[in-house]
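Participant: Got a structure here, written out as structure tokens. Questions coming.
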Amino acid sequence: MAVERTLTILKPDCVRKNLIGEVTKRIQEAGFTIKAMKLTRLTKDTAGGFYAVHKERPFFDDLVEFMSSGPCVPMILEKENAIEDFRTFIGATNPDEAEEGTIRADFADSIGENIVHGSDSVENGKIEAAYFFPESEVVANNA
Ligand code: ADP
Ligand code: MG
């Protein structure tokens, strides 16, 4: 299996619930290596740009409002098969449908406020990582 990178965001609900530490611990215990991370607050424009593919969806305005409602923690994570494994690790978009023991099943309140983002493909992972981090902020070698 190939080593891949995925972009996650610990969303504003994760930060508000004081879950940065707990979720980050689980990410590391699951074998993901953190290559970049920061605390930041998105503007509506930045949040809307990140979720541009959902622009026509009925939930878009709420999503932009939520994602800019407080600080969040974007991270670049690296692991073999990172894209698929991280999606499995966080669970379904709707926490009511998420597997027991996943991040969203354990911590999310609703389909909108679901604690974490995870890239859905290697290509999108690259685009999303570059959206938040210049190459100079990505650790080249964690050893
Ligand atoms: P995922 O984050 O699992 O990849 P999507 O890419 O489909 O899910 O949607 C992006 C984000 O938009 C979701 O994580 C969630 O915050 C929000 N969202 C998705 N579907 C809905 C919905 N039906 N109602 C409200 N918010 C939604
Ligand atoms: Mg998605």
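The values are calculated or read from the model by the stated rules, or taken from the named source; none is laboratory data. The shown structure was predicted, so the numbers you read here are calculated from the model rather than taken from an experiment. Note: ideal-geometry Cβ built from the backbone for every residue, glycine included; neighbour counts use all protein chains shown. For accessibility, only protein heavy atoms count, side chains too; no ligands or nucleic acids. Shrake-Rupley method; radii C 1.70, N 1.55, O 1.52, S 1.80 Å.
Participant: What number of residues within region 97-109 satisfy the criterion of being within 11 Å of ligand 1 (Cβ to nearest atom) and farther than 16 Å from residue 10 by Cβ?
Facilitator: Number of matching residues: 2.
Participant: Please note which helices (runs of 4 or more DSSP H) are completely contained in region 25-143 and include at least 3 residues that are more than 16 Å from ligand 2 (Cβ to nearest atom), at pLDDT 95 or above and open to solvent by 20 Å² or more (accessible area, probe 1.4 Å).
Facilitator: The qualifying helices (runs of 4 or more DSSP H) are 44-50, 103-107.
Participant: So residue 137 passes all but one of these: (1) within 18 Å of residue 66 (Cβ to Cβ); (2) in contact with a strand residue (DSSP E or B) (Cβ under 8 Å, 6 or more places away or on another chain). Which condition number does it fail?
Facilitator: Condition (1) is where residue 137 drops out.
Participant: Kindly check whether there is at least one residue in region 46-67 that is in contact (Cβ under 8 Å) with a residue 40 or more places away in the chain and closer than 17 Å to residue 125 by Cα. Quick ask: steps written out before the conclusion?
Facilitator: Going residue by residue through region 46-67, those that are in contact (Cβ under 8 Å) with a residue 40 or more places away in the chain are 49-50, 59, 62-63, 66-67.
Checking the rest, the ones that are also closer than 17 Å to residue 125 by Cα come to 49-50.
Checked against the condition, which is being in contact (Cβ under 8 Å) with a residue 40 or more places away in the chain and closer than 17 Å to residue 125 by Cα, region 46-67 yields at least one hit.
Participant: For region 29-45, enumerate the residues that are within 17 Å of residue 85 (Cα to Cα) and not aliphatic (A, V, I, L, M).
Facilitator: Once the filter is applied, which keeps residues that are within 17 Å of residue 85 (Cα to Cα) and not aliphatic (A, V, I, L, M), region 29-45 yields 29, 31, 32, 33, 35.
Yes/no per residue for (1) of a type in the set (A, V, I, L, M); (2) under 13 Å from the mean Cα position of the chain (by Cα); (3) within 12 Å of ligand 1 (Cβ to nearest atom):
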{"site": "46", "(1), (2), (3)": "no, no, no"}
{"site": "76", "(1), (2), (3)": "yes, yes, no"}
{"site": "82", "(1), (2), (3)": "yes, yes, no"}
{"site": "90", "(1), (2), (3)": "yes, yes, yes"}
{"site": "95", "(1), (2), (3)": "no, no, yes"}
{"site": "111", "(1), (2), (3)": "yes, no, yes"}
{"site": "124", "(1), (2), (3)": "no, yes, yes"}
{"site": "131", "(1), (2), (3)": "no, yes, no"}
{"site": "139", "(1), (2), (3)": "yes, no, no"}
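Participant: Just a yes or no: is a residue in region 3-11 open to solvent by 20 Å² or more (accessible area, probe 1.4 Å), closer than 20 Å to residue 130 by Cα and of a type in the set (A, V, I, L, M, F, W, C)?
Facilitator: Yes, that holds for at least one residue.
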